[in-house]
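Reading through the structure tokens given below for one structure.
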Amino acid sequence: FRDVSFSYDGREPVLHHVSFHVDPGRKVAVVGPSGVGKTTLLSLLLRFYKPTSGDIYFDGEAASTLEVRSLRARIGYVSQSTLLLSGTVMDNLRFGNPEATEEKFVQAAETAGIHDFITSLPSGYATEIGEKGIRLSEGQKQRLSIARALVKNPDVLVLDEPTSALDRKTEDSVLLNLPAITQGKTLFIVSNHPPTLARSDLVLLLDESRLMAVGTHHDLLESNEEYRRRME
């Protein structure tokens with residue numbers, strides 16, 4: 001991100017002169033109060049919106065010069081609200097990558113920690129999950145959504161508060177799999193989960209539409225009062 005600013009209405013900035021650099025394969029956590037632009041930052045990364053000013057670069061190339069479909073093919077995305085299709089478990093996984101092999105589907109489900117549950121269902125991967133996955137728990141929906149993103153084998157994995165609807169025990173279970181899920185991938189995750197922050201290579205602290213601090217979890221605990229307060 002190079003001096004990136006963004007406004008939805010052209011007047012009130014949601015992000016203001018944000019700059020940071022992430023090396024490939026690094027794990028980045030994004031934290032901050034509600035409404036400071038965390039989801040907006042991820043939306044700009046995915047090219048859902050274009051910056052009002054500044055630009056975003058991938059491997060040295062400006063995102064504005066890249067074909068959107070090609071760029072998004074490199075990114076796996078899990079939103080705050082889990083969106084599943086009517087149909088079977090396999091239908092949902094196949095939506096992530098219609099050309100993937102059955103082995104890849106199973107591998108993604110294993111990595112996301114949901115394969116054993118799927119195989120316990122009456123029809124396994126062919127089991128109908130109902131409208132918007134109504135027959136699944138929130139934790140199972142989240143894991144299936146993560147598996148669907150992994151089927152793409154993306155270079156970048158973007159998780160926008162992927163456990164926001166879960167209880168703490170289920171959240172811990174899902175996030176415990178993150179090291180395996182993100183192996184070899186660049187990760188952006190919006191999370192206030194202390195163990196996740198501690199395992200991140202970089203933490204971006206947003207407040208008042210600005211990037212207030214960048215550092216490791218340990219460094220920010222030592223140097224930033226606002227960050228320490230959020231971890232209490």
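The values are calculated or read from the model by the stated rules, or taken from the named source; none is laboratory data. Please read all numbers here as calculations on a predicted model, not as lab measurements. We place every Cβ from the backbone using ideal geometry, glycine too, and count neighbours over all the protein chains shown. Side chains included, ligands, DNA and RNA excluded: accessible areas come from the protein's heavy atoms. Shrake-Rupley method; radii C 1.70, N 1.55, O 1.52, S 1.80 Å.
Sub-6 Å Cβ pairs linking a first residue in segment 77-95 that is more than 14 Å from Gly130 (Cβ to Cβ) and modelled with pLDDT under 95 to a second residue that is hydroxyl-bearing (Ser, Thr, Tyr) and surrounded by fewer than 21 Cβ atoms within 10 Å (Cβ to Cβ), at least 6 apart or interchain, are Gln80/Ser164, ordered by first then second residue. When Arg69 is tested against (1) free of Cβ contacts under 8 Å to residues at least 24 places away in the same chain; (2) open to solvent by 20 Å² or more (accessible area, probe 1.4 Å); (3) under 21 Å from Val190 (Cα atoms), exactly one condition is not met: (3). For the structure I just gave you, tell me whether Ala109 is free of Cβ contacts under 8 Å to residues at least 40 places away in the same chain and under 19 Å from the mean Cα position of the chain (by Cα). Spelling it out, Ala109 is indeed free of Cβ contacts under 8 Å to residues at least 40 places away in the same chain and under 19 Å from the mean Cα position of the chain (by Cα). Criterion first (modelled with pLDDT under 95 and outside any helix (DSSP H, G or I)) does Val36 satisfy it? Here the answer is yes, as Val36 does meet what is asked.
Of everything listed in (1) open to solvent by less than 10 Å² (accessible area, probe 1.4 Å); (2) part of a strand (DSSP E or B); (3) β-branched (Val, Ile, Thr), the single unmet condition for Val214 is (1). Within segment 38-66, restricting attention to residues that are touching a residue at least 24 places away in the same chain (Cβ under 8 Å) and among the hydrophobic types (A, V, I, L, M, F, W, C), the residue that is surrounded by the fewest Cβ atoms within 10 Å (Cβ to Cβ) is Leu46.
So, Thr127, is that one among the hydroxyl-bearing types (Ser, Thr, Tyr), surrounded by fewer than 20 Cβ atoms within 10 Å (Cβ to Cβ) and within 24 Å of Ala73 (Cα to Cα) or not? Don't jump to the end; show me each part of the working.
Values: among the hydroxyl-bearing types (Ser, Thr, Tyr): yes; surrounded by fewer than 20 Cβ atoms within 10 Å (Cβ to Cβ): yes; within 24 Å of Ala73 (Cα to Cα): no.
Taking the combined requirement at face value, the residue does not satisfy it.
Just one of the listed residues (Val22, Val4) is within 23 Å of Met212 (Cα to Cα), of a type in the set (A, V, I, L, M) and surrounded by fewer than 19 Cβ atoms within 10 Å (Cβ to Cβ), namely Val22. So how many residues does segment 78-97 have that are more than 20 Å from Ile181 (Cα to Cα) and either open to solvent by 30 Å² or more (accessible area, probe 1.4 Å) or part of a strand (DSSP E or B) (or both)? Final tally of qualifying residues: 4.
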